1. Return the only residue of 123, 156, 170 being surrounded by 19 or more Cβ atoms within 10 Å (Cβ to Cβ) and touching a residue at least 24 places away in the same chain (Cβ under 8 Å).
2. Of the residues that sit in the range 188-223 and are in a loop (DSSP other than H, G, I, E, B) and modelled with pLDDT under 75, which one is surrounded by the fewest Cβ atoms within 10 Å (Cβ to Cβ)?
3. With (1) surrounded by fewer than 22 Cβ atoms within 10 Å (Cβ to Cβ); (2) in the same structural domain as residue 69 (by TED's automatic domain parsing); (3) within 24 Å of residue 344 (Cα to Cα) as the list, and residue 140 as the residue in question, which single condition is left unmet?
4. When you look at residue 180, is it modelled with pLDDT under 95, out of contact with any helix residue (DSSP H, G or I) (no Cβ under 8 Å at 6 or more places or on another chain) and within 17 Å of residue 344 (Cα to Cα), yes or no?
């Protein structure tokens, strides 16, 4: 039986299509196999390299090796190949890099875990992370967030559960509100000597030589944050009558604002003004000059020449805070004062 020309042509076309289809299938299978082989090789190579980390004899090299793979993969559990101290630090880096509070919870050391969540809360501007902590750490976490916002967020201040920290936050907030609005919110500020609040206020205003001083000196003379605020309002409003609401050294501080013209004057003129004050304020004023000159020149040796240890520590702390350098705190040989110096720069360890 003879095949018609058209039928013969169709048969050839079908055979050709079948051949092409088979070629496509074979190519697809080969491509898939090559992809799988490549993935296996890549995975095996990664496993081999990661496994090689275990053979590192130096702990720091081993740490960097595992940390590198953990950061690349975003897998914090890789850090568990290290001993606990290195593992916790490794997880901290990964959690911070990937903003993962769940990774923070993998950290075995309570303090490091808290610091991890503290960091995320600030970096992500999300106080909600603080809820992963216990009550005491929660308050510290919220306080850190408030401090990161320079104590300008009333809602955050109000969430702080620790009364001392809340007092610092709210008092600083109301002083800044007084400063920025030109109003008088001093009545909301603590009227008890408080170093931390005074430091925030003095550092914030920083308008003259007395403002540059470390708050240790004001606290030593029982000057309160409330009185500092009233003195400031009295000065800017040119209303010396406000000083009459204060007593003792607080009253003296307030009135001195009207007699000392420190801005844009020479140190010798400032010293002369100091000598015109009463004995209490004279001492405070003269020590202020020594601290100011030491801070300006970043010269710790000038601080050490001050014949009062409290003012020495105050001077060194002031340099550390002004230039944001913890290394200066190491010059303080008193454990408590050195801790306070570190605290000023946010080092809670």
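The values are calculated or read from the model by the stated rules, or taken from the named source; none is laboratory data. For clarity, every value in this text was computed on a predicted model and none was experimentally measured. Please note: Cβ atoms are built from the backbone with ideal geometry, for glycine as well, and neighbour counts cover all protein chains shown.
1. From the options 123, 156, 170, the qualifying one is 156.
2. Among those residues, the one meeting the criterion is 206.
3. All conditions are met except number (2).
4. no
Residues are listed down the side, and each one gets a yes or a no for (1) free of Cβ contacts under 8 Å to residues at least 60 places away in the same chain; (2) loosely packed, with under 14 Cβ neighbours inside 10 Å:
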| site | (1), (2) |
| --- | --- |
| 291 | no, no |
| 302 | yes, no |
| 309 | yes, yes |
| 312 | yes, no |
| 318 | no, no |
| 323 | yes, yes |
| 338 | yes, no |
| 344 | no, no |
